[in-house]
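Colleague: Quick one: the structure is below, questions incoming.
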Amino acid sequence: MNTNTLVLNNIEYIFEDGQTILDVARQNRVQIPTLCYLDGVEATGGCNICVVELKGEKDLVRACCTKAENGMNVLTQSPVVVDARKKQLKALLESGNHNCSIGSSQGDSWTAFQMDSIRTEQTDALCPRWGDCELQNLAYEYQVQWNRDNLPETKFPKETVNPLIIRDFSRCIMCGRCVAACNDIQVNRAIRMPEPSDSQHVIAGKKDVALKDSDCVFCGECVQACPVGALLEKKSQYVCRPWEVEKIRTTCPYCGVGCQQQLHVKDGKILKVTGVEEGSPNKGRLCVKGRFGFDFIYSQERLTTPLIKENGVFREASWDEALDLVADKFKTIIAESGPDALAGVSCARSINEDSYQMQKLFRAVFKTNNIDHCART
């Protein structure tokens with residue numbers, strides 16, 4: 001049996017047919033940076049950040065869309081590769097309003113801006129994704145020097161009319177990840193990359209409308225896929241920085257699918273929810289309720305203790321008293337009218353385990369099959 005091997009940075013690795021250089025590198029924990037690559041969709045190679053050097057070849061190749069071949073000798077951090085990445089990062093930073101907090105303008109004015117932004121944190125001059133931006137991370141890593149003095153004019157106004165998502169076209173690098181997330185992962189097909197005849201920005205709908213006027217269902221998959229500050233959760237803009245929050249993994253409470261969530265918590269309060277990329281069954285995907293529907297937790301209208309109605313008036317009760325009352329009522333109904341006088345409906349927001357326990361209660365304990373599941377969304 002023939003074994004496919006290639007060399008990455010002077011170390012030989014085995015690979016399978018069909019894998020790309022990037023696949024082999026990630027499989028073996030060899031770092032190759034990317035900005036446009038999105039797991040689960042076909043690579044486009046649009047950002048040119050993942051370029052690598054093939055020994056014996058004149059031109060650099062893109063690791064995300066170059067198939068691994070037996071005997072390849074690949075360098076991922078050679079001087080020519082690093083130089084190419086720095087040039088591309090510089091071009092991306094200068095293409096829009098990427099005011100990252102990196103010392104790249106060389107001057108007291110930049111330091112003053114940096115320190116003022118750190119103090120205020122609410123300033124519009126500082127990107128809301130500051131500290132949580134893949135482009136910024138790479139700019140730090142490669143120590144990119146770039147000119148902030150001549151930022152290009154913003155051709156498209158910030159789109160803030162949507163209920164849950166802000167689109168800031170001035171920070172978009174046209175990587176296409178949001179489009180891939182919408183079209184190929186969630187299959188909502190609400191946005192698309194522009195045609196040559198279109199204005200050069202991501203298009204929503206057929207006639208370039210706001211997200212709220214398109215087929216967008218506000219699942220937020222595009223926001224999670226965006227590597228920069230072009231797409232933002234409206235609720236969590238400027239409310240925290242990534243190092244201030246504790247990330248807690250949990251299961252979405254809205255239905256029985258069991259989607260894995262990452263809660264971003266500060267001072268005991270949930271400020272933001274993202275999908276767990278490696279978590280099954282959703283693999284990072286969430287619906288609009290799972291990603292944005294957490295405000296009810298802090299509603300003043302939520303009941304915090306059981307209530308028992310007596311003489312037409314509710315009074316507070318303990319859980320033991322309330323459960324004993326319900327159990328006694330059930331026993332009385334069964335004794336007087338038989339088990340089929342009872343029926344149960346499991347809430348659509350129940351997790352599978354709770355629905356299973358409820359049907360077990362009705363069928364095994366109450367001896368009736370009058371149990372159903374409410375499919376209301």
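Colleague: Can you name the residue in the range 258-289 that is on the phi > 0 side of the Ramachandran plot and small (Gly, Ala, Ser) and is also nearest to the chain's Cα centre (by Cα) among such residues?
Modeller: GLY284
Residue-wise test of (1) at pLDDT below 95; (2) assigned by TED's automatic domain parsing to the domain that holds CYS255; (3) part of a helix (DSSP H, G or I).
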| residue | (1), (2), (3) |
| --- | --- |
| LYS329 | no, no, yes |
| VAL345 | yes, no, no |
| ARG349 | yes, no, no |
| MET358 | yes, no, yes |
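Colleague: Can I ask one more? Quick one: in the range 3-37, which of the residues that are without any contact (Cβ under 8 Å) to a residue 40 or more places away in the chain and part of a helix (DSSP H, G or I) is surrounded by the fewest Cβ atoms within 10 Å (Cβ to Cβ)?
Modeller: Going through the qualifying residues, I end up with GLN27.
Colleague: If you go through the range 73-96 one residue at a time, how many are modelled with pLDDT under 95, surrounded by 20 or more Cβ atoms within 10 Å (Cβ to Cβ) and more than 25 Å from the chain's Cα centre (by Cα)?
Modeller: Residues in the range 73-96 being modelled with pLDDT under 95, surrounded by 20 or more Cβ atoms within 10 Å (Cβ to Cβ) and more than 25 Å from the chain's Cα centre (by Cα): 0 in total.
Colleague: How many residues does the range 244-257 contain that are more than 27 Å from HIS373 (Cα to Cα) and over 17 Å from the mean Cα position of the chain (by Cα)?
Modeller: Number satisfying all stated conditions: 1.
Colleague: Just the residues that are among the charged types (D, E, K, R) and either part of a loop (DSSP other than H, G, I, E, B) or within 22 Å of CYS222 (Cα to Cα) (or both), please, taken from the range 235-275.
Modeller: Listed by number, the residues that qualify are LYS235, ARG241, LYS247, ARG249, ASP267, LYS272.
Colleague: Continuing with this model, one more query. Among LEU211, LEU231, which is the only one that is buried (at least 17 other Cβ atoms within 10 Å of the Cβ) and touching a residue at least 60 places away in the same chain (Cβ under 8 Å)?
Modeller: Exactly one of LEU211, LEU231 is buried (at least 17 other Cβ atoms within 10 Å of the Cβ) and touching a residue at least 60 places away in the same chain (Cβ under 8 Å), namely LEU231.
Colleague: Which one of these does LYS266 not meet: (1) within 17 Å of ILE297 (Cα to Cα); (2) without any contact (Cβ under 8 Å) to a residue 60 or more places away in the chain; (3) buried (at least 16 other Cβ atoms within 10 Å of the Cβ)?
Modeller: (3)
To keep it simple, each residue is scored yes or no on (1) touching a helix residue (DSSP H, G or I) at 6+ places or on another chain (Cβ under 6 Å); (2) assigned by TED's automatic domain parsing to the domain that holds GLY40; (3) without any contact (Cβ under 8 Å) to a residue 24 or more places away in the chain; (4) farther than 23 Å from PRO128 by Cβ.
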| residue | (1), (2), (3), (4) |
| --- | --- |
| THR160 | no, no, no, no |
| LEU164 | yes, no, no, no |
| ASP168 | no, no, no, no |
| CYS178 | yes, no, no, no |
| PRO196 | no, no, yes, yes |
| ASP215 | no, no, no, yes |
| VAL223 | no, no, no, no |
| PRO227 | yes, no, no, no |
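The values are calculated or read from the model by the stated rules, or taken from the named source; none is laboratory data. Just so we're clear, the structure is a prediction, and the values are computed from it rather than from any experiment. For neighbour counting, all protein chains shown are included, and Cβ atoms are generated from backbone atoms with ideal geometry for every residue, glycine included.
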